[in-house]
Amino acid sequence: AGPEPGPPALPRGRPLQAPRPARLLLLLSCPAFRAHVARLFRGEAAEQWRFESWAPGDEVSEDEEEDQLRALGWFALLRVLPGEAEAREGAEERGAPVAVAPLGAVPKGAPLLACGSPFGAFCPDIFLNTLSRGVLSNAAGPLLLTDARCLPGTEGGGVFAARPPGALVALVAAPLCWKAREWVGLTLLCAVAPLLRAARAALGHLHPDSADLAARLPQEVGAPRDLPFQDPGPPWATAAVLVECGTVWGSGVAVAPHLVVTCRHVAPREGARVLVRSSIPKSAAIWGRVVFATQAVSPYDIAVVRLQEDLAGVPVPVPVDRFQEGEAVSVVGFGVFGQACGPSVTSGILSAVVHVDDTPVMLQSTCAVHGGSSGGPLFSTCSGALLGIVASNTRDNNTGATYPHLNFSIPITVLRPALQRYCRTGDLGGLRKLDHAAQPVQVVWRLQRPLVEPPRSKL
Amino acid sequence: MGRPWGPAMKAAEQTGCVVSASRAGRPEEGSWSCSGVILSRSPGLVLCHGGIFTPFLRAGSGALTAPGAAFLPGDSCGDDLRLHVQWGPTAVSPAGRAERNGVGLCTPQC
């Protein structure tokens with residue numbers, strides 16, 4: 001249900017400007033954005049993707065759905081007409097110019113701040129300029145994705161970077177993305193720099209006398225004289241690799257230059273050939289073989305792949321010794337897009353550490369995790385240290401609903417001694433012990449209640 | 001939020017706005033609205049989502065998918081399109097100067 005019109009809300013202490021009339025100058029789109037949308041979302045699995053601002057199952061006409069899809073990636077440039085005061089005084093308001101981030105200046109994993117008005121013009125006293133934080137999750141040209149939570153009505157809202165400070169990076173193109181009728185938890189953005197370039201060109205074409213208007217559009221940070229601002233971003237954002245085993249694919253992380261850890265359900269058979277692709281160097285692919293996979297009875301869904309040659313340039317993360325609930329964490333993985341796009345980064349916190357006999361056996365995080373992320377790394381955002389291996393998100397078997405923001409990882413402390421032993425000696429004995437985890441650990445991973453000792457009979 | 005977010009929050013507050021579109025003389029049809037960004041205050045230039053203009057396109061939404069269509073002029077929409085932009089108070093706009101008796105906002109159709 002949407003918000004119902006009701007009595008006027010109390011202002012939250014900041015008087016709003018009265019609505020000002022405006023004129024539509026032009027509608028514009030970014031052709032590169034639309035091309036990437038077509039490539040990523042309208043391929044074989046086109047029917048799986050939806051971008052509507054309504055939930056699957058809502059009663060919406062086909063025309064409305066079609067209109068919304070057609071408008072995806074279209075934006076509008078408006079001219080606000082001067083108010084009476086400005087017209088009288090012959091001057092419009094002045095403010096600091098908006099800084100615009102050049103395309104590609106903000107790296108994956110970089111923090112972003114989205115600002116929009118949920119439900120559009122509904123109750124601006126309450127909803128105007130609501131903020132939401134996240135990271136740049138993925139990028140394909142001007143098509144950007146963030147895990148900042150955005151709501152219907154925030155379409156067109158600005159997304160700003162912490163670096164360059166306060167720079168406008170993108171506009172919200174579609175706040176809600178659905179895949180296979182499930183909310184993905186990512187917001188689709190269009191980079192603003194190419195949009196403004198298109199706007200300048202269009203203004204010159206449509207309104208030859210509007211050179212002044214085009215000149216007033218904000219410039220990119222660093223332009224025109226300096227080199228574009230470049231931030232390399234956190235090194236762990238490139239640490240995930242794509243693991244392909246037959247028709248199954250998932251994510252993985254290098255724990256040594258020739259050794260990749262993934263999930264058993266990605267690479268289940270020992271001896272099976274596996275193709276590992278890294279995003280650094282671009283599209284590098286190396287064959288390997290599964291040297292170990294836990295048995296189906298093991299609660300730890302883990303497989304180890306030995307590569308034919310070392311992964312060059314892929315960072316090997318440092319594992320942690322201990323976990324801090326509440327710390328900022330990031331998941332890197334090939335969920336949602338697989339090979340069609342580089343790995344995605346999603347941010348959150350370490351929401352729970354489950355112990356058995358004072359030993360961490362399960363980690364939970366609030367990062368959005370999707371199908372294809374299995375085997376990917378869970379990092380400490382601040383230190384970049386490896387916390388665990390993502391094993392699954394959550395599904396309610398009664399309703400069929402999937403919850404991307406509740407997910408489970410295998411603590412790296414469970415795996416580290418065995419992996420070190422294997423790296424040092426080639427002995428799989430330590431890894432084999434994962435097949436014989438204690439019953440309480442199995443209970444935890446089955447999401448069952450802890451076993452209680454049955455009451456003794458008095459007979 | 002901490003200091004690193006200061007400039008971003010300030011920029012967001014100063015540039016965030018909401019745009020509503022309606023049909024002149026037909027309030028019963030309601031309004032369409034979305035968020036936007038104020039790119040410049042002098043002259044007032046705003047960038048917002050294009051989806052709210054779909055119902056007003058003279059040639060229908062098919063105009064958006066025409067081959068090679070990268071932009072459409074403002075008169076692609078009907079003459080009855082009425083637009084309003086609303087934003088919050090900013091340091092450059094003293095509250096006493098704000099027009100308090102302007103057009104009221106419509107609530108979006110639910």
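General remarks:
- Considering residues of region A:146-159 that are more than 10 Å from chain B (Cβ to nearest Cβ) and at pLDDT 95 or above only, the residue farthest from the chain's Cα centre (by Cα): A:Ala148
- Selected residue [free of Cβ contacts under 8 Å to residues at least 40 places away in the same chain and either over 20 Å from A:Val318 (Cβ atoms) or touching a Gly at 6+ places or on another chain (Cβ under 8 Å) (or both)] from A:Thr366, A:Thr399: A:Thr399
- Considering residues of region A:269-291 that are of a type outside the set (A, V, I, L, M) and in contact (Cβ under 8 Å) with a residue 60 or more places away in the chain only, the residue nearest to A:Pro235 (Cα to Cα): A:Ser279
- Scanning region B:8-26 for residues that are within 7 Å of chain A (Cβ to nearest Cβ) and of a type outside the set (A, V, I, L, M) yields B:Lys10, B:Glu13, B:Gln14, B:Thr15, B:Gly16, B:Ser20.
- Hits in region B:1-26 - residues which are without any contact (Cβ under 8 Å) to a residue 12 or more places away in the chain and either touching a Pro at 6+ places or on another chain (Cβ under 6 Å) or surrounded by fewer than 22 Cβ atoms within 10 Å (Cβ to Cβ) (or both): B:Met1, B:Gly2, B:Arg3, B:Pro4, B:Trp5, B:Gly6, B:Pro7, B:Met9, B:Lys10
- Some residue of region A:390-409 being farther than 17 Å from A:Gly250 by Cβ, at pLDDT 95 or above, surrounded by 21 or more Cβ atoms within 10 Å (Cβ to Cβ) and not hydroxyl-bearing (Ser, Thr, Tyr): no
- Of all residues in region A:257-275, exactly one satisfies the criterion of being buried (at least 24 other Cβ atoms within 10 Å of the Cβ), touching an Asp or Glu at 6+ places or on another chain (Cβ under 8 Å) and within 13 Å of A:Thr247 (Cα to Cα), namely A:Val274.
- Inter-residue pairs, beta-carbon under 6 Å, first touching a residue at least 24 places away in the same chain (Cβ under 8 Å) and in region A:190-208, second of a type outside the set (Gly, Ala, Ser) and loosely packed, with under 15 Cβ neighbours inside 10 Å, 6+ apart: A:Leu206/B:Pro73
- Residue selected from region A:283-325 under the condition of a type in the set (Ser, Thr, Tyr) and under 26 Å from A:Asp435 (Cα atoms), by the criterion surrounded by the most Cβ atoms within 10 Å (Cβ to Cβ): A:Tyr300
- Count of region A:14-33 residues which are among the charged types (D, E, K, R) and part of a loop (DSSP other than H, G, I, E, B): 1
- Taken over region B:27-53, the residue count meeting the criterion of being more than 7 Å from every other protein chain (Cβ to nearest Cβ) and in contact (Cβ under 8 Å) with a residue 24 or more places away in the chain is 5.
- Flag for A:Glu309 being within 23 Å of the chain's Cα centre (by Cα), among the acidic types (Asp, Glu) and not in a strand (DSSP E or B): no
The values are calculated or read from the model by the stated rules, or taken from the named source; none is laboratory data. If you're wondering where the values come from, they're calculated on a predicted model, not measured in any experiment. Here Cβ is always computed from backbone atoms with ideal geometry, including for glycine, and neighbour counts include all displayed protein chains.
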